[in-house]
């Protein structure tokens, strides 16, 4: 459903721009701004694009579109006289967005009938986030998990669903991790990591398949076992009715 929504949104955007024309009188002094390397831990990075009005009448920036929640902007609100410059400040948020990026910004003018495109690009250098930031649930023995409940949907006979669980070892030495299902349930399948390196982080997949015999799905629990010791906290497995 989400995929269909984004396809329709893209078509609307493209069709909207095709009905407009590229501005010949509102010219950026820089078409592409390259941030180069952005350190994620240093937070947001900003730049200002300057646009010169080379026409014969004032120009008003009607709106700016970035089409990405990672990019925000502000712009000159007052009319820009012939020969003068307006500006658009663009800010990129690198949080949890490692690697290369390239984002288009569209500046609408002349009642929205004209547009000017500019781009930002760069390369985000990630950092190791604090464990509790990405793995909020402490289970003991230095084990942190991203979920404390595996909530499966209303599955039909023979239907399967998978849920990804991320885990972290917040110890300076490796741990052995296994799991114990209580009560035993042959319909849940997973491959546990066994050994997690010191300060290691990764993920695993739990897949549940509804019995074909028509029995209803019943809630159960999965207990982490660290270095042979069953922890007191459990992962609850639930099902929608």
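So the values come out like this:
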item	result
Difference of contour (0.36 nm per residue) and Cα-Cα distance, residue 172 to residue 137	10.7 nm
Structure-derived semi-axes √(5λ) of the Cα gyration tensor in Å: which label, when the choices are [x] 27, 21, 19; [y] 52, 24, 12; [z] 84, 31, 17	[y]
Full-extension gain in nm, residue 149 to residue 68, via 0.36 nm per residue minus C-alpha separation	26.1 nm
Nearest-ten-degree value, helix 2-18 long axis tilted from longest Cα axis of the chain	10
Spin-label model distance (nm) - residue 195 vs residue 119, 7 Å beyond Cα toward Cβ	4.6
Relative contact order, percent, the chain [alpha-carbon distance under 8 Å, six or more residues apart]	16
Among 159, 62, 104: highest mean-square fluctuation, GNM of the chain, C-alpha pairs under 10 Å	159
Over the range 131-239, relative contact order from alpha-carbon pairs under 8 Å, at least 6 apart, %	32
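Read the figures in this text as sums done on the coordinates, not as results from a lab. Quick caveat, the model's predicted, so the values are computed rather than measured. So basically every Cβ, Gly included, is an ideal-geometry build from the backbone, and we count neighbours across all protein chains shown.
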